[in-house]
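Asks: First, the structure itself, so that you have it in front of you.
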Amino acid sequence: MDGAIITLIAANVAFVGTHFAMSHPLRAPMVKALGAGGFQAAYTVVSFAALAWVYFAFIAAPPADLPGSGDIGWIAATIITLPAMILLAGSFMGNPALPTPMAEAQARAEPKGVFKVTRHPMMWAIGLWAASHIILFWSTRTLLTALAMGILALVGAKFQDAKKEVLMGAAWAEWESKTSYWPRWGALLSVGAVPLIAGTVLWLAGSYIHLWRAGIPAGVFKWLA
């Protein structure tokens with residue numbers, strides 16, 4: 001196996017592994033040892049260091065070394081990323097998973113917006129983004145990194161439920177009873193105008209920026225370029 005690919009695998013394992021470890025089994029002992037502020041600082045430093053390793057390992061790995069899935073793959077990826085961006089856009093509004101003073105009240109409220117689809121809209125946005133890149137079958141480095149990010153998001157969402165059940169108790173149990181881990185796609189068009197419009201703008205902007213950042217036209221711009 002190519003040495004650059006081995007390094008990329010190690011970097012992705014480090015990024016996902018340290019995130020899971022610090023978010024769950026190591027969180028309590030680290031907070032006890034470092035304090036809440038110290039833990040947050042250590043978490044941030046380790047996360048960004050691991051992510052930087054992924055980035056540099058990714059750009060050092062061979063690009064476009066797989067045959068690709070052609071137009072069918074690009075069409076599927078383009079379609080998949082639209083609901084991903086809608087979920088992402090709406091995930092910042094009324095999200096009880098975010099560490100805010102309103103979290104418990106939000107968990108006890110009726111689900112609105114993208115939370116009608118899933119209680120983990122941000123995680124599913126990342127998971128769908130990962131799936132869109134896996135479908136393209138463009139390069140080994142893309143497959144590995146997208147798979148790692150998909151695992152981080154969708155397995156991490158399950159871990160987040162377990163953690164919130166402990167931290168928020170009855171409030172999170174109530175939120176779980178009213179929402180779904182698995183997306184209810186039939187509710188997507190009922191999430192409201194703001195997530196739909198903002199998500200579509202993000203989808204178009206992300207597709208446009210893809211050419212600038214990756215040198216590859218993506219989304220609708222692949223056919224307009």
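The values are calculated or read from the model by the stated rules, or taken from the named source; none is laboratory data. As the structure is a computational prediction, the values presented were derived from the model and not from experiment. Glycine also receives a Cβ, built like all others from the backbone with ideal geometry; neighbour counts cover every protein chain displayed. Just the protein is used for accessible areas: all its heavy atoms, side chains included, with ligands, DNA and RNA removed. Shrake-Rupley method; radii C 1.70, N 1.55, O 1.52, S 1.80 Å.
Asks: Filtering region 174-225 down to residues that are within 30 Å of A107 (Cβ to Cβ) and in a loop (DSSP other than H, G, I, E, B), which residue is most open to solvent (accessible area, probe 1.4 Å)?
Replies: Checking each candidate, the answer is W182.
Asks: Of the conditions (1) part of a loop (DSSP other than H, G, I, E, B); (2) modelled with pLDDT of 95 or more; (3) hydrophobic (A, V, I, L, M, F, W, C), A64 fails just one. Which one is it?
Replies: (2)
Asks: Is it the case that W138 is assigned to a loop (DSSP other than H, G, I, E, B), among the hydrophobic types (A, V, I, L, M, F, W, C) and open to solvent by 40 Å² or more (accessible area, probe 1.4 Å)?
Replies: Against the criterion (assigned to a loop (DSSP other than H, G, I, E, B), among the hydrophobic types (A, V, I, L, M, F, W, C) and open to solvent by 40 Å² or more (accessible area, probe 1.4 Å)), W138 qualifies.
Asks: Determine whether region 32-52 contains at least one residue that is assigned to a loop (DSSP other than H, G, I, E, B) and either touching a residue at least 12 places away in the same chain (Cβ under 8 Å) or open to solvent by less than 30 Å² (accessible area, probe 1.4 Å) (or both).
Replies: no
Asks: Now for a different question. Report yes if W129 is hydrophobic (A, V, I, L, M, F, W, C), open to solvent by 50 Å² or more (accessible area, probe 1.4 Å) and part of a loop (DSSP other than H, G, I, E, B), otherwise no.
Replies: The answer is no for W129.
Asks: The conditions are (1) free of Cβ contacts under 8 Å to residues at least 60 places away in the same chain; (2) within 17 Å of I216 (Cβ to Cβ), and D65 fails exactly one of them. Which is it?
Replies: It is condition (1) that D65 fails.
Asks: Residue pairs, Cβ under 9 Å, 6 or more apart or interchain, first in region 83-99 and without any contact (Cβ under 8 Å) to a residue 12 or more places away in the chain, second open to solvent by less than 50 Å² (accessible area, probe 1.4 Å). List them.
Replies: Between residues of region 83-99 that are without any contact (Cβ under 8 Å) to a residue 12 or more places away in the chain and residues that are open to solvent by less than 50 Å² (accessible area, probe 1.4 Å), the close pairs are L98/S91; L98/Q106.
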